[in-house]
Every structure is written in C-alpha cells, then in structure tokens.
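First up is the structure itself, then whatever we jot down about it.
Values in this text are rule-based calculations from the coordinates and carry no lab data. All values derive from a computational prediction rather than experimental measurement. Neighbour counts run over all protein chains shown; Cβ positions are idealised from the backbone, glycine included.
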Amino acid sequence: MSESHSHHHHHGDEHDHDHDHDPETEGEERHGEAERERVRRGALAQIRQYPDVALRMTAQEVTEFDELLEQLIERMTTLMEDAQGVGLAATQVGILQRLFVFTPGEEGAFAVINPRLVEVSAERETEEEGCLSLEGVRVPVERANAVSLEGVDAAGEPLRFELEGLAARVAQHELDHLDGVLIIDRTDEEHRKEALGILRPQIVLR
C-alpha cells in the first residue's frame, strides 16, 4: 500500500526567516528529494505493476521457515521503504506465498506470515487508498475501522496485532493482495473506470 502524498507543512514563524535561506542548504534539500525519488522509482520497477498476472493469483500458506524466507522478508521490507510505502505483499514481488510486510506504527516494519483476521469491527469507514502496484491511482475503499490480525513471524512464532485506523486499513489491503484482490475491485464503478483509464492509457488513432 502506498502512503498518501499529501504533505503536512508546519507553518510557524518560518516566513519571518525568508531572507535567511541558505542557497547551499536548499540545493542539498533538492538533491536529497531527487535522490529519494530516484530510489522510489528503482523500487517501483521491482514491484509487479497492474495488469501483471501475479497480482490476480492466490498465495499459498508458507510451510518452510528457512533462510530463503528471511531473505525474502528483508528484500520486501527494503522495497517497501524505498518505494515510500506502508505495506507490501509477497504477490507484489511475484512470490505466491502468504506473507506481507507493513509498518503499523512508530515501532517500524513487521513481517506477518500466514496472516488472518480473527476479529473485525462492525464500524466501517471509507477512505482513499493507493497501491504500489497501481501507480497513480487513488480510490475510495470501505474497510473495517479495527481488526485483530494473527499470524507468525519468520521463526514461526505466533504474532497478534490489535490494529485501528490506517494500520487496520493497511492489513486489510495487504491481505486482499494475497487473495488476488485489488483496490479497483473494492471501489465504486465510477472510480474503477477512472482508475482503469489511468492504468490503461488509450491509444488515440489519428
């Protein structure tokens, strides 16, 4: 799942210091942003993009907890962070195994293997969602406000998360990926058509 691209700026007394701007610092900031964008593009190039067939496939339970699994988790976590995302499912890197990585809060990224929702709140909310496999698309999706997520970690030890708000939304989004379900399947007809227009640019014959 991709982060919202709305940036929150803190407007304090910064306007009083306009004359203090250091051109060198500004240049470094611009360079830093350009570098982050380059890294993001590189990561997105390694993430399967719609209409890749892997995005429509159902992932299988993970049965082997070995070094290969640890390497996969490490690669997925790096890709998610480099792509400036908050969640990434194995199917998005072409691996049909039931696992995803996500960042539920300040504690950093977690991998959840063989994840399942054991409790889902009745209260639901519709918010815009983006996806690292559907670049340029943001559509409204209705999700449960709170969920209890269970699974295991890379060592096969049980995990349980009580999630609310954005973290609950991310978990539901990533679980959908493991069943071949995308946000364009969960939105209304109008937004689906709009999204497909972005994803499949029409060839204009002159």
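Things worth noting here:
- The string of couplings for the range 148-162 from the Karplus curve (6.51, -1.76, 1.60, θ = phi - 60°) is 10, 10, 10, x, 10, 8, 5, 8, x, 7, x, 10, 9, 10, 9 Hz, one whole number per residue in order, with x for Gly and Pro.
- 3J(HN,Hα) along the range 175-181: 4, 4, 4, 5, 10, x, 9 Hz, from the Karplus curve 6.51 cos²θ - 1.76 cosθ + 1.60 with θ = phi - 60°, whole Hz, x for Gly and Pro.
- Helix 189-199 and the long axis of the chain differ in direction by around 70°, with both axes built from C-alpha atoms.
- Under-5 Å amide H pairs with ALA146, H placed in peptide plane, nonlocal only: SER121
- Residues in the range 124-155 that a label on ARG36 would reach, taking backbone N under 19 Å of a point 7 Å out along Cα→Cβ: 130-132, 136
- For GLN97, distant residues with modelled amide H under 5 Å away: GLN60, THR91
- Overall form of the chain per C-alpha gyration tensor (a/c, 1.5; a/b vs b/c): prolate
- Cα-centre dipole for the chain with unit charges at Cβ (Lys and Arg positive, Asp and Glu negative), debye to 20: 1520 debye
- Neighbour counts of other Cβ atoms within 10 Å put THR25, THR91 in the fewest-to-most order THR25, THR91.
- In order along the range 138-143, phi translates into HN-Hα couplings of 9, 9, x, 9, 8, 9 Hz, rounded to whole numbers, per the Karplus curve 6.51 cos²θ - 1.76 cosθ + 1.60 with θ = phi - 60° and x for Gly and Pro.
- Over all other residues within a Cβ to Cβ distance under 14 Å of GLU33, the charged ones net out to 0, with Lys and Arg as +1 and Asp and Glu as -1.
- Here the range 134-166 is scanned for amide nitrogen atoms under 20 Å from the site 7 Å beyond the Cα of GLU189 along Cα-to-Cβ, giving 139-142.
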